[in-house]
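Nothing in this text is a laboratory measurement; each read-out follows from the coordinates by a stated rule. What you see is a predicted model, and the numbers here were worked out from it, not measured in a lab.
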Amino acid sequence: MSKLDELLFGAKQVASIATRKTGEAVEVSKLKMQASQVNAMMQSTYERIGNLVYEQEKTGTDNSDLIAVCIKEQDGLIVELNEINTKISDIKRGVTCQRCSAVNPYESTYCSKCGANLKKPKTQPQKGDGTSNPEDSTEE
Ligand SMILES: [Zn+2]
C-alpha cells in the first residue's frame, strides 16, 4: 500500500503542477474522490442493514433499533453525496456574471469580462417555488 501511495503521491504532485491553472479540475477530482468514499461507506451500510435484516428474519432477533440507526446513517450519507455532486456540477457550470452574464471559472472573485464582483451574489427573489426555507435568512 505504501508503495502505491508513493506512486500516487508522486503522480499527484506532477498533476498539481500541470493543472495549477485549472484549480477547479483539481477541486472536482478531489470531490469525486470524496464522492466515491461516501459511496463506499454507503455500500457497507447497505451491507450492514442487509445483515441485520437477514439475522432478524432468520433468528427472530429484534434488530429494528440497529437497523434504524443504520438507515439514519445512510440518509446522512445520501445527503452528503448529494452535496458533493451538487458542488461538482456547480464547479463545472462555473459562475455566471450577474452583470454581463459571462461564465467564469467557479472560484473567480471577479468577472474576467467586466470585472464585476462575483462573490457577492445578489439575492435572487425566487417566487412561486413552494419549497421556501425560512431558515435561509442570511441578510445583514
Ligand atoms: Zn461580467
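Please say if the stretch 23-93 is rounded, prolate or oblate, where rounded means a/c under 1.5 for a ≥ b ≥ c the square roots of the C-alpha gyration tensor eigenvalues, and otherwise the choice is prolate for a/b larger than b/c and oblate otherwise?
prolate
Please list the non-local residues whose amide H lies under 5 Å from the amide H of Asn104, H modeled 1.01 Å from N, same-chain partners needing a gap of 5 or more.
Here the answer is Val95, Thr96, Cys97, since their amide H atoms fall under 5 Å of that of Asn104.
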